[in-house]
Every structure is written in structure tokens, then in C-alpha cells.
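*Asks:* Questions regarding the structure given below will be posed in turn.
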Amino acid sequence: MVSKPLHYDVIETARNTQHPYAANNLLGIVRNMFNWGKVAGLVPADHANPILGIKWFPERQRRRYITTVEMPDFIRALEAEDNEYARHGLWLLLLLGLRSIELLKAKWTDIDWDMGTLFVGLTKNGEPLLAPLSDAAMARLKMIPRIANNPYIICGHKRGRPLTGLGEPLRRVLARASLQNIRVHDIRRTVGSWLAQSGVSLHLIGDVLNHRDLTTTLGYAYFQTQQRREALNGHGGKVLSPAAAQLRVTAPPRALSAEVVLRPAGPRSRHRHYFKRESLHELVWTAPVLEVAKRLGVSDVGLARLCRRAEIPTPGRGYWARVESGQRVGRAPLPPAPESLPELLRIRGTEPPPASKMSEAA
């Protein structure tokens, strides 16, 4: 029996692994090895690359970032971090959008205090980076204590060496903040996504994050929801302008708040209710789902289904009993919204009584 070459075992392992992204990375490494082997004369020119014909696992672009709802909890947990240099390091990543390896290799001599810049040197894309330092970053740098005979800004436990990584400190921060599924690189993604949501141009975001490939920056167009909505509003106005008056949009749907839904009942009529995702999260943690559903004139099953579709956590069994007994029970934080979820969530029910004006959701 003739044994198979070693690389066939490696490829077979990659195809059967339960970690698809790691499998794709392994296939890429093997492909590059054989391509380089032909150039170096170690592999015959007519030898086919063993990766050819193998179907790679599909990959989705990661879009996890720290949301505006999560940021206060994240900062409070970050300030409670005992490792002072790790705390400053995570803060600088949040303020500058650098890659963690770029920050950890940075030395005090790389800072130009007069110009407000940090010379990073050769980055991942092979080009040197002169990173601008914001006022907040400059203030944070001045808080970091220097250690004699250690040239690095973010010092590690070993003498004269930088901190080796920020993964473990970040995990401690996330545990204190009750946040999940956030990696160190997601902090850099947070900078890009917040800039995109603020209306900063994709070209400038690419410069800030030092992207060499424009396609990498184009991924942040996903977060420019406000700009896309304004563009569609303008388009919708043009489409409706020649239409009959009764077809035109006269007012946007009114988003309900918990205060409006839970006020005393009165005459009802069939009505479509609209909620912002944050408001619905606040509502189901203000009163039991059964009571909320009754006030809206919908079934509790339908309301629970809407929460699941919008990935809104709801209180578990025994929560309201503990609240009524006077216990202090924390709420589950609202995770990022799933893709393609509309800004306003709709559910059909009966209209709350018009005893007071509809208040807008926060």
C-alpha cells in the first residue's frame, strides 16, 4: 500500500475541520507554499497545485463592533481593569483605530509631541504609517507611567519588553461588562464603524485605518445607514412628487415608548404599532410580556416572536418574581441588531388611548 504524501493529509484535515475560517487559511498557506516551491525550483513546473479543485468554505465579513448602547458598560468595565498598561492599551486602540500589534510595538521615541503624531513604521500592509494623535489620545498617553530601561509605551511583565497581547485583558473587561463576541480587532472596527455612522467619507476612513485596499474600506459603507436613508428619502420624494396627493407620505410612523404603551387603558381601535429596537427592549424589561401584549392588543406569542426576530433579549423565568420581592436584578444588554433589520419594528394591535401625545422613543 502506497502512503499518500503529507500535504494530502493536511488538505484532508482542512476540508473536514469544524473551523471553516482556519481551514481556508490552511488551504491558502498550502497553495502559497507550492507556488513558491515552483519559483524556488523545489517543485516541478508541471506539478499541479494540490489546492486546485477544492471548494473553500464560504466566509462572511465580520461586522461586530461596540455599539453606542454597549459603550458605557464597556468603558466602566475597562476603567476597572487592574492591569494599568492593558487598560491604557485598550483605550488607545479605541481612540486611534490602530492594529494591536502596531500599538504594542510603539515606543516613546516614536511620538512627536509637537506635531501630535505616532510613527508606527512598517504596518501590516507593508507601508510606513504616521498616525495622527487626537487630543484624547494625547491626554491618555500622558497618563501612562514610564518604566526605566523600557522603551515601549505599553509595557509588559518582562523587563524591557512590551505587553505581548491584549486578548486576555479584553476578556476580563467583557466579562465585567456582560458583553460577548468582541475581539481585539473589533475595537479597530468600532473606530471605522463609528466614523462611518458620523458621515465621514470612506476615503478618509481608509486613511485613518491605513487601508491599502479600497475594498476593505468599502465594507464600512454598510454602517452609513443615516446617509443611505437620506439618499432614499430624497429618491422617494422624487418618485412621489408626480403622484396623487393621497399617495404621498405625509408623516413618518410614530415610534412608541414604554411610557405610552403602559399608561391606563381606554377606547381602542386597530392600529399598527412602530417601535425602535431600543424602545422595545426597554419596554419588555419594564413590564411582563403578557401585560405589554395585552396593552398593545396583540398575542404574547406574536410579541415574543418579534423580539426573537429583532434579537431582543427578554426576561427569563422568575425575573419578575425577584423584582416584586425587592431584589436588584440586572437587565440583559441589547446586542447589535441583525443584518437587514428595519429601523422601526412593526406589530399590529390596538391603538393606545389618545390621552396624551405620542412620545418619541429615545
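The values are calculated or read from the model by the stated rules, or taken from the named source; none is laboratory data. Everything numeric here is computed off the predicted structure, so don't read it as measured data. In this analysis, Cβ positions are derived from the backbone assuming ideal geometry, glycine residues included, and neighbour counts consider all displayed protein chains.
*Asks:* Can you tell me which of (1) touching a helix residue (DSSP H, G or I) at 6+ places or on another chain (Cβ under 6 Å); (2) exposed (fewer than 12 other Cβ atoms within 10 Å of the Cβ) is the one Arg317 doesn't meet?
*Replies:* (1)
Each row is one residue, and each column tells you yes or no for (1) more than 30 Å from Pro313 (Cβ to Cβ); (2) in a loop (DSSP other than H, G, I, E, B); (3) touching a residue at least 24 places away in the same chain (Cβ under 8 Å); (4) out of contact with any strand residue (DSSP E or B) (no Cβ under 9 Å at 6 or more places or on another chain).
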site: Leu141; (1), (2), (3), (4): yes, no, yes, no
site: Ile147; (1), (2), (3), (4): yes, yes, no, no
site: Leu170; (1), (2), (3), (4): no, no, yes, yes
site: Val173; (1), (2), (3), (4): no, no, yes, yes
site: Asp186; (1), (2), (3), (4): no, no, yes, yes
site: Gly192; (1), (2), (3), (4): no, no, yes, yes
site: Val200; (1), (2), (3), (4): yes, yes, no, yes
site: Gly206; (1), (2), (3), (4): yes, no, no, yes
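*Asks:* Residues being closer than 23 Å to Gly206 by Cα and out of contact with any Asp or Glu (no Cβ under 8 Å at 6 or more places or on another chain): count how many of those fall in segment 72-103.
*Replies:* Looking only at segment 72-103, we keep the residues that are closer than 23 Å to Gly206 by Cα, and these are 89-103.
Applying the additional criterion that residues be out of contact with any Asp or Glu (no Cβ under 8 Å at 6 or more places or on another chain) yields 89, 91-103.
Residues flagged as closer than 23 Å to Gly206 by Cα and out of contact with any Asp or Glu (no Cβ under 8 Å at 6 or more places or on another chain) within segment 72-103 amount to 14.
*Asks:* Can you say whether Met115 is exposed (fewer than 12 other Cβ atoms within 10 Å of the Cβ) and of a type in the set (A, V, I, L, M, F, W, C), as far as the supplied structure shows? Working first, answer last.
*Replies:* Values: exposed (fewer than 12 other Cβ atoms within 10 Å of the Cβ): yes; of a type in the set (A, V, I, L, M, F, W, C): yes.
So Met115 fits the description; yes.
*Asks:* In contact with a strand residue (DSSP E or B) (Cβ under 9 Å, 6 or more places away or on another chain), within 25 Å of Leu179 (Cβ to Cβ) and part of a helix (DSSP H, G or I): does that describe Ala137?
*Replies:* The answer is yes for Ala137.
*Asks:* Only residues that are farther than 16 Å from Leu345 by Cβ and in contact with an Asp or Glu (Cβ under 8 Å, 6 or more places away or on another chain): list them for segment 284-293, please.
*Replies:* Leu290
*Asks:* Let me ask something additional. Just to verify a result, which residue in segment 1-46, among those that are at pLDDT 80 or above and part of a loop (DSSP other than H, G, I, E, B), is farthest from Phe57 (Cα to Cα)?
*Replies:* Gly41
*Asks:* Here's a follow-up. All but one of (1) closer than 18 Å to Arg348 by Cβ; (2) at pLDDT below 80; (3) part of a loop (DSSP other than H, G, I, E, B); (4) not aromatic (Phe, Trp, Tyr) hold for Arg272, so report the exception by its number.
*Replies:* Looking at each condition in turn, Arg272 falls short on (3).
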